[in-house]
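Presented below is the structure to which this report refers.
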Amino acid sequence: MENAKTHKLVMHNDDVHDFHYIMACLIKYCEHSPIQAEQCALIAHNKGLCSIKSGDFDAMFDLKSNLNELGIQTEIEAYESTLY
């Protein structure tokens, strides 16, 4: 169970950086497609936050560190699956 989704990374709305910067960071660090990156940026802008990636804690911690260094505010939350 190496790749268990135990945590998720949530991105907060960013009023400092433009959409293209946020999208480029999501594509590079989260391996999003351009459409997925645009959707996440729009959701975060309109709702205040968006879940951008899920995985194990160590992977989410590394990703959080990378994005925070770039000025993108994120937080790690416990992943709650609706599948049982």
If r is the Cβ-Cβ distance from S51 to H17 and R0 is 22 Å, what FRET efficiency results, to the nearest 0.05?
0.70
Mind putting a number on the dipole of region 1-59 about its Cα centre? Charges go on the C-beta only, +1 for Lys and Arg and -1 for Asp and Glu, and I need it in Debye to the nearest 20.
160 debye
Under a straight-distance cross-link criterion of Cα-Cα below 16 Å, which lysines are reachable from K5, leaving out those fewer than 8 residues away in the same chain?
K53, K64
Given only helices, namely DSSP H runs of n ≥ 4 each adding -39500 (n - 2.57), what is the per-residue ellipticity at 222 nm of the chain, to the nearest 500 deg cm²/dmol?
-14000 deg cm²/dmol
Collect residues whose amide H, placed 1.01 Å from N in the peptide plane, falls under 5 Å from the amide H of L49; neighbours closer than 5 in sequence don't count.
N13
FRET efficiency, 1/(1 + (r/R0)^6) with R0 25 Å, evaluated for A24 and E77 via beta carbons
0.55
Average Cα contact separation per residue, the chain, under 8 Å, 6 or more apart, as relative contact order %:
47 percent
To make sure I understand the rule: partners must be aspartates and glutamates, Cα under 18 Å from the Cα of K8, and not fewer than 8 residues away in the same chain. Which ones qualify?
E31, D56, D58, D62, E75, E77, E80
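Read the figures in this text as sums done on the coordinates, not as results from a lab. As the structure is a computational prediction, the values presented were derived from the model and not from experiment. We place every Cβ from the backbone using ideal geometry, glycine too, and count neighbours over all the protein chains shown.
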